[in-house]
1. Would you work out the Kirkwood radius for the range 75-121? I mean one over the mean of 1/r across all pairs of different Cα atoms, in Å.
2. With the contact rule set at Cα under 8 Å and sequence spacing of 6 or more, what percent relative contact order holds for the range 3-144?
3. Order Ile182, Ile13, Ile76 by their accessible area, 1.4 angstrom probe, all chains in place, largest first.
4. Viscosity 1.306 mPa s, temperature 10 °C: what is the translational diffusion coefficient of the range 107-169 from Stokes-Einstein with a Kirkwood Rh over Cα pairs, rounded to a whole number of µm²/s?
5. With every protein chain left in place, what is the accessible area of Leu34 in Å² (1.4 Å probe, nearest 10)?
6. Under a 5 Å amide H to amide H cut-off, with H placed in plane at 1.01 Å, what residues pair with Gln145 once short-range neighbours are removed?
7. Would you kindly find the accessible area of Arg175, with a 1.4 Å probe and non-protein molecules such as ligands, DNA and RNA excluded, rounding to the nearest 10 Å²?
8. Taking the Cβ-Cβ separation of Gln161 and Ser53 as r and a Förster radius of 22 Å, what is the calculated FRET efficiency to the nearest 0.05?
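The values are calculated or read from the model by the stated rules, or taken from the named source; none is laboratory data. Not measured: the values here are computed from a predicted model. All Cβ positions, even for glycine, are placed from backbone atoms using ideal geometry, and neighbour counts span all protein chains on display. To get the accessible areas, we keep the full protein, side chains included, count just its heavy atoms, and leave off ligands, DNA and RNA. Shrake-Rupley method; radii C 1.70, N 1.55, O 1.52, S 1.80 Å.
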Amino acid sequence: MRIGILGGTFDPIHIGHLIAASEVHRALNLDRVLFIPAGQPWQKSEQLVSPASDRLAMVSLAIADDDRFDVSDMEIARPGDTYAIDTVHSLQKVSPDDEFFWIVGDDVLARIPTWHRWEEFVDSVTVVAVNRVGAPHVSVNFDYQRVEMPDVAVSATLLRQRLASADECLYLVPRDVAKYAITNGLYSL
Ligand code: ATP
């Protein structure tokens, strides 16, 4: 099987993530896309991140009606800092015959060379980059595939600000996700 992986903080998940997953699924003829919320995003440790259980719940709500998509708690269940290379090894151990496509926006593509054991990482998966509004196309010294998606100028940072004041987020975040965030006071000031 050809499996896409979309890792992220998903605090909260939004249409940028869902459109990226859907467009890469289509363009690369993937079988499934697996959303993997990060447990302890070490590159965001300065930032306050919502509890993993809430981020996982929001991803589950967002993809519930789409049978091309799955969610995994593997990074959340793993103690310590989250490293993509450990995730790849776990997936390859369980499904040695599958081919993995690791999807990132251009902002993250540029940061891959800062990741733990990144050279091993880019040798182990096919990296797939999608355009991200505000992130320039950088040149990187490893191979990757590019998929163009409609520009979606939405970030979780923007949505946390809106949800903090229960501001309207309809169509930017799935309805059930917005409801979950507001009901659980995730971003309340
Ligand atoms: P934050 O604003 O908190 O930094 P974020 O919106 O960037 O969050 P993440 O969960 O950190 O969301 O992103 C997960 C992955 O999805 C990353 O590879 C990121 O580049 C990609 N991504 C997020 N938003 C978009 C978007 N609007 N368009 C394309 N890719 C996106």
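1. Working: mean 1/r = 0.0841 Å⁻¹.
Kirkwood hydrodynamic radius for the range 75-121: 11.9 Å.
2. On the way: 196 pairs, mean separation 35.8, N = 142.
For the range 3-144, the relative contact order is 25 percent.
3. Numbers: Ile182 80, Ile13 0, Ile76 45 Å².
Heavy-atom accessible area, descending, gives Ile182, Ile76, Ile13.
4. 115 µm²/s
5. 30 Å²
6. Answer set, sorted by chain and number: Val127, Val128, Ala129.
7. Around 150 Å² of this residue is reachable by solvent.
8. On the way: r = 22 Å, r/R0 = 1.02.
Efficiency for this residue pair is about 0.45.
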